[in-house]
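*Asks:* Have a look at this one.
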Amino acid sequence: MFKNVDNLPKDAREASEVFLKRDQGDVLLNYENEAILATKTGDLKDPFVVPELNIRIEGPVAVVDRNVDRKGSRKAAEALAACLFSNEALQVFAEEGFRPTSPAVWARVKDRFAPVKTFFTVNDFGGWSQVNQQFFGDGGIWDRLFANTR
């Protein structure tokens with residue numbers, strides 16, 4: 001697949017920009033929330049496909065002890081971290097195209113998302129340590145894919 005890739009943008013938003021606004025490429029492979037945003041803004045007029053087997057990407061939140069202790073901001077940082085996983089915040093995220101993890105919020109917004117039969121996560125590949133080594137480490141799958149195509 002990669003031997004046919006002319007442009008490999010640095011992130012999801014740039015990929016959308018290059019494909020939709022600069023008219024580069026034949027296919028855009030991107031996150032669902034990017035397609036939802038592009039549909040909302042009118043940049044994407046064609047339907048998009050969400051595979052029935054898909055990866056669930058979970059964005060962690062961390063309160064960094066040395067930083068909050070140094071700044072005296074622990075209480076505010078912990079409150080923000082807790083707020084981000086509240087139903088109110090998950091509702092806002094859902095309205096921006098991110099699938100909520102809360103069953104209550106999901107029940108309110110599920111009709112806005114394509115059906116997915118099965119989700120897998122990074123844990124299905126052995127966790128981040130294994131994934132980073134196997135896929136992105138020196139000589140990993142990413143390196144081997146591009147060594148034969150570039």
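*Asks:* Treating the beta-carbon of each Lys and Arg as +1 and of each Asp and Glu as -1, no other charges, what is the dipole magnitude of the chain about its Cα centre, to the nearest 20 debye?
*Replies:* In debye, rounded to 20, the chain gives about 300.
*Asks:* For I55, which sequence-distant residues (separation of 5 or more, or a different chain) have an amide H within less than 5 Å of its own amide H, given hydrogens modelled in the peptide plane?
*Replies:* F120
*Asks:* Separate question: Can you give the local net charge around V27? Use residues other than it whose beta-carbon is closer than 15 angstrom to its beta-carbon, Lys and Arg +1, Asp and Glu -1.
*Replies:* Combined, the nearby Lys, Arg, Asp and Glu give -3.
*Asks:* What number in nm² do you get for region 63-132 if you take the convex hull of its Cα atoms and divide its surface by four?
*Replies:* Averaging across all directions leaves 6.8 nm² for the Cα convex hull.
*Asks:* Taking only pairs that are 8 or more places apart or on different chains, how many Lys pairs in region 1-49 have Cα atoms under 23 angstrom apart?
*Replies:* Lysine pair count for region 1-49: 4.
*Asks:* Applying the Karplus parametrisation 6.51 cos²θ - 1.76 cosθ + 1.60 with θ = phi - 60° to the phi angles of region 52-64, what ³J(HN,Hα) value in whole Hz is obtained for each residue in order, glycine and proline being reported as x?
*Replies:* 5, 9, 8, 8, 8, 9, 10, x, x, 10, 10, 9, 8
*Asks:* In addition: Normalise the Debye intensity by I(0) for the chain, one equal point scatterer per Cα, no solvent, then take log10 at q = 0.09, 0.13, 0.18 Å⁻¹ and round to two decimals.
*Replies:* Each listed q maps to, in turn, -0.42, -0.86, -1.29.
*Asks:* Using Cβ contacts closer than 10 Å as the measure, can you line up S16, S86, S102, S129 from fewest to most?
*Replies:* Neighbour counts put them in this order, fewest first: S129, S86, S102, S16.
*Asks:* Extension gain E14-D143, at 0.36 nm per residue separation less the Cα-Cα distance, in nm?
*Replies:* In short, 44.3 nm is gained.
*Asks:* Apply the Karplus parameterisation 6.51 cos²θ - 1.76 cosθ + 1.60, with θ equal to phi minus 60°, to every residue of region 87-101 and state each ³J(HN,Hα) to the nearest whole Hz, in sequence, with x for glycine and proline.
*Replies:* Listing the rounded values in order: 4, 5, 5, 5, 5, 5, 4, 4, 5, 9, x, 9, 5, x, 8 Hz.
*Asks:* Looking at region 48-84, which GluC sites (Glu not before Pro) are in a loop (DSSP not H, G, I, E or B) and have at most 12 other Cβ atoms within 10 Å?
*Replies:* Answer in residue order: E52, E58.
Throughout, read-outs are computed from the coordinates displayed, never taken from laboratory work. Being a predicted model, the structure only gives us computed values, none of them experimental. So basically every Cβ, Gly included, is an ideal-geometry build from the backbone, and we count neighbours across all protein chains shown.
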